[in-house]
1. Applying the selection to the range C:307-328, what residues are over 18 Å from the mean Cα position of the chain (by Cα) and over 13 Å from residue C:142 (Cα atoms)?
2. Could you check the range A:1-86 for helices (runs of 4 or more DSSP H) lying wholly inside it with 1 or more residues that are modelled with pLDDT under 95?
3. Provide a single number: the residues in the range C:274-319 that are touching a strand residue (DSSP E or B) at 6+ places or on another chain (Cβ under 8 Å) and of a type in the set (S, T, N, Q).
4. Which ranges mark the helices (runs of 4 or more DSSP H) fully within the range C:210-326 that have 1 or more residues being modelled with pLDDT of 90 or more, under 30 Å from residue C:22 (Cβ atoms) and of a type in the set (Ser, Thr, Tyr)?
5. I'm told residue B:106 meets every condition in (1) in contact (Cβ under 8 Å) with a residue 60 or more places away in the chain; (2) open to solvent by less than 20 Å² (accessible area, probe 1.4 Å); (3) assigned by TED's automatic domain parsing to the domain that holds residue B:246 except one. Can you identify the failing condition by its number?
6. Suppose we filter A:103, A:91 for residues that are more than 13 Å from every other protein chain (Cβ to nearest Cβ) and acidic (Asp, Glu); which single one remains?
7. With respect to residue A:124, determine if the residue is in contact with a Gly (Cβ under 7 Å, 6 or more places away or on another chain) and within 7 Å of chain C (Cβ to nearest Cβ).
8. Kindly provide the set of residues from the range C:117-142 that are at the interface with chain A (Cβ under 7 Å from one of its Cβ atoms), closer than 20 Å to residue C:43 by Cβ and assigned to a loop (DSSP other than H, G, I, E, B), ordered by number.
Amino acid sequence: MSQIRELLDCFKKVATCPGKIVREYREKTGKGAVGCFPVYTPEEIPHAAGMLPVGMWGGETTLRLAPSALPSFACSIMQSITELQLQGVYDSLVAVIVSSPCDTLKAMGQKWRRQVPCIQFAHSRNTKIDAAADYTRREYQSIRARLEAACATTISDEAIQTSVRIYNEHRQVMREFSGLAASHPDLVNPIDRHMVMKSAFFMRKENHTVLVKALNGLLAKAAKKPWEGVKIIVSGIMLEPVSVLEVFKQNQIAVVGDDLAQESRQYRVDAPEGADPLDSLARQWLSMYGCSLIPDPEKSRFSLLRSLVEQRGADGIVLCVMKFCEPEEFDYPPMKAYMEKNGINLLQIEIDQQIQSVEQIRTRIQSFAEILRAQRARRASIAQL
Amino acid sequence: MYTLGIDIGSASSKAVILADGLRPVAGQAIQAGTGSSGPKQAVERALDEAKLTLSDIAASVATGYGRFTCELTDRQVSEISCHARGVSHQLPSARLVIDIGGQDAKVIRLDAQGAVWQFLMNEKCAAGTGRFLEVMSRVLEISLREMGAYHDRSSRPAAVSSTCTVFAESEVISLLAAGAAKPDIIAGIHRSVAVKVCGLASRVGWEDDIAMSGGVARNQGVVKALEAELGRPIKITPEPQLAGALGAALYAFDQYQSKNKTGG
Amino acid sequence: MDKSATSREMLDYYLKKSYADAAAAKKSGKKICWATSISPCEFCETLGIHMLYPENHAAAIAARHGAEDMIQVAERKGYCLDICSYARLNLAYADIGRSVAEEMPLPDFLLVCNNICEVVIKWFENLSYELKIPLITLDMPYNYGPEPTERGVDYIVAQFEDCVRQMEIITGNTFDWQRFNEVMDIALESSFWWLKAMSLASANPSPLNGFDMFNYMALIVCLRGKNGCRDTFRKLTEELEEKIRLGYTAFPGGEKYRIMWEGIACWPYLNFTFRTMRNSGMNLTGSTYPVAWALEYDRGDLRSLARAYASTANNSSLPGQIDLRVRVMREYGCEGATYHMNRSCKTMAFLHHEMQGAVSAATNTPFISFDGDQSDPRNFSGAQFETRIQGLREMIDQRRQARPGREGEL
């Protein structure tokens, strides 16, 4: 087996059994894990406490207990989280941290029903003024205080400073990976790519950085082969379950870039270095952009996607709309108009973690790939003339 | 002295005649609901069964989806109260009533006297209702009556979504296309109904005994799936589809009595 | 306005006038602002900017049965049916500029305040993007704890100051802080008389038929900073006090049950829901709306203003929301509650399960829940509503019977 394949399998192992990873971390270090709800959490704070920050992005599970706690028109990530919560899956965590960027998450923080402390917070939603940085810094300060109480430890500025540097380096490495994966679709298929991204939520970032760096090194040295299939950019909250990614793979569709909240949006912006690490993190929040959950009347997400398509030579965009996610659903109509105006192919699919059958998605993706291939053939024949 | 209870559902009509507020002397169900000749037929057949005419009936009450359209009586009681009453009359120890009808799935929590304490019903969508099972039976080409027997032959229930009928229908079609065994699909369908209903039940809370009424209670597969989800045995009333009409006949008896007491 | 006019006539007059004034202002080149329902009106009012409220306008479209066509317009643009129907109606209106409701001139800028929900952030963002006009944001951080934090108040005050600067640039006028104090006085008085009038629903029997509240609400939403609003609710208070003195009941046959209605009205079925409840002898006496616009603050104090606007019911923690409803049920003598499982309003609906259990236990009252939507007529079933209302009545009767001293119905 090639070294690249070995490494990719390693990421897959981490991404597919987080429970085991958390247990091992506790046994090895004597420290616990802190659950971080989607979408953005200043993970650097629990990281600085020596904890393992774990991303809580739901998963494939049958909803048995959730319907008694959450109406059916809540998004499927929150349905899964509710289900797993009521099953007791999160009971071994030291704390969970919940942000409040949408109405569903506001409610989720209030509906938490387990003994594990729930630390809710609210980012500034008006990122235009300087007072927002001060507010967010103090909000992070409050997270630190509540987390210190939950972990019975203190979290020093120096420790957070170190974590900020570790996270910045990790972001850098992840951005490089996204570019390298795009130039080697023959070596990194859509599922592999997703697993590399997802595994970051279950590892200390310094360790994840080491692995991804190794992978990047191998990819950089590998020969670039021409890709016969189509290339697309994916956008949305997340692209799961794996059965949907499987459809991409089967249809020879390469994911050459993403604007997913669970993937590249996490790595888009670094925290500026400064004397006060919480201020650095607050300023990072203020400079984040291009996400449906970050208010932006300019809709910079659209131009960002357009340049990503151009940079990576993609044939089109697949917008993965999380069912019942209003922030994403609001972005679709103007995005559709924008892409039409700019001659960029856009396919919308609906994401549901509990989906039992991908047949409808298969049909849509397959026909989209056929359209893109036909377009490319047409372009090639025109070029020959 | 005879009283009549009529339960006019979306897909079927039921009538029960009660002697002296205690003893059922007739019970009929017709597979035609509100807006059809079903209600009239059910009442006529019940009268025939009891060898009575309409003039023998001292009081009557209508319940069910079509209760306001019933011309035989001007007295209506909701199906929640009627099902609770009917079940409680037959199973006085019942504290939770599960009723799965054509349009609605309801769970009714009873107090120590057997009176309605709190109830919850499904969201507007038909998942978890009799209609849902009907749609599935059509897709699978297996009659509703046979579904219980198929359920028993399942070794590995298939995963069927419990959120939406339209969605579940396409899932079942793809399961069929993928060659899944019909017993497993049916067990999966029953489980999805049970999950939906159990979600409602856990919001009102439950203690023993749990009883079930409504036509779907005759499907042993659903009952077994519900028992598995709830982790408790379920008692089924005799002729569960008639529980609502029986409750209505009991309310009619109350009405007769209170009228006679006040001399009206 | 004629001194002998009833509050109902005043309501109609001032509402019509507000839309007519806005249309005239638009023609003469004055600035128009579209704003969210509980955003601070004090700043625009001081600068003489005409404010209009898309939520109120969307409700009017739905109540006049004009929603379905507009929703199709929004759907053709790609707005999926899971999105808040007010937003869908308004985004369609912004596109086609007409509806069955009053003409609402297109805005020159937008004022969004997320103390009611986060959906408005996306909705107004889309308006700003499509209409290419400035968006002023007043972010009121969610109170996951018991009350607004000092850091939150500092941040909101800074946004107030920034909002004034932006409005000065948009209008080219200077903000008059003396006039600001006068406007605050009027807004405070409007809030005072609104709450005073609505709280008379606690009388037994209630002089106010609860669905009237849904109608009067338009004025407190749209004209809180104006004298007409204050005068109307002062007049309404007089009328209701007179009714109480005469022992008037809002219902033929008397008010048999007093109910709390949780959530927004079902505007397309306002009449149907009202009639169904009335036929069961139910009066809607309890609602969280009276306190929603009873905004109290210290005149001239921006910190106090910030706290008031940050403390809305929807921006409160779950325990705060439960307390509020328990208080409403007790103050207004409600024996049962009906919860509108509103497809359009995740912010309210997603806490229903917890609220229902806690409020019902604290007040020892039953509740029902029904599916509906504030303005999309497709998400409501009349038969379901009737059955559940009847079920509620029967449960209340049952509890009355169990409790000696009250007459049972069944």
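1. First, the residues of the range C:307-328 that are over 18 Å from the mean Cα position of the chain (by Cα): C:307, C:317-320, C:322-323, C:326-327.
Hits for the range C:307-328 are C:319, C:322, C:323, C:326, C:327.
2. Values: elements: A:3-16, A:18-29, A:44-48.
Where helices (runs of 4 or more DSSP H) fall fully within the range A:1-86 and carry at least 1 residues being modelled with pLDDT under 95, they are A:3-16, A:18-29.
3. 5
4. On the way: elements: C:210-222, C:227-246, C:270-279, C:289-292, C:302-310.
Result: C:210-222, C:227-246, C:302-310.
5. Of everything listed in (1) in contact (Cβ under 8 Å) with a residue 60 or more places away in the chain; (2) open to solvent by less than 20 Å² (accessible area, probe 1.4 Å); (3) assigned by TED's automatic domain parsing to the domain that holds residue B:246, residue B:106 misses just condition (3).
6. Working: A:103 fails: more than 13 Å from every other protein chain (Cβ to nearest Cβ).
One residue alone meets the criteria, A:91.
7. no
8. Within the range C:117-142, C:139, C:141 meet the criteria.
The values are calculated or read from the model by the stated rules, or taken from the named source; none is laboratory data. The structure presented is a predicted model; accordingly, all values stated were derived computationally and were not measured. Cβ sites come from the backbone with ideal geometry, for glycine too, and all protein chains shown count toward neighbours. The protein model used for the area step is the full one, side chains on, heavy atoms only, and it has no ligands, DNA or RNA in it. Shrake-Rupley method; radii C 1.70, N 1.55, O 1.52, S 1.80 Å.
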